[in-house]
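Colleague: The structure follows.
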Amino acid sequence: FCISDNTAFSSSNPHAFQINFNSLYTALCEQQKSDQATLLLYMLLHQNSNVRTYVLARTDIENLV
């Protein structure tokens with residue numbers, strides 16, 4: 001798989017999916033006062049190294065904080 005705005009997994013995996021990290025990041029920034037969005041962000045940062053790497057590489061992380 002590759003780490004970029006779109007993360008793609010091998011097509012041999014029947015449970016593979018693609019997610020646009022830029023859209024996810026934007027949505028989380030817009031919903032930062034929501035408990036559900038905060039919990040989702042917490043879970044993604046702690047359990048998904050690809051999301052964590054993407055968020056830490058952003059130059060506008062203050063929008064999320």
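All of the numbers you see were taken from the coordinates with simple rules; none came from a lab. These figures come from a predicted structure and were not determined experimentally. Cβ placement follows ideal geometry from the backbone for every residue including glycine, while neighbour counts extend to all protein chains displayed.
Colleague: Put a dot 7 Å past each Cα toward the Cβ at HIS15 and ALA37; how far apart are the dots in nm?
Modeller: If labels sit at ALA37 and HIS15, their model points lie 2.9 nm apart.
Colleague: Check which residues have an amide H placed less than 5 Å from ILE19's amide H, if you skip close sequence neighbours.
Modeller: Under 5 Å from the amide H of ILE19: THR7.
Colleague: Same structure, new question: Subtracting the Cα-Cα distance from 0.36 nm times the residue separation, let me have the gained length for THR26 to LEU64 in nm, one decimal. Walk me through the numbers on the way to the answer.
Modeller: On the way: separation 38, 0.36 × 38 = 13.68 nm, distance 0.87 nm.
So the extension gain works out to 12.8 nm.
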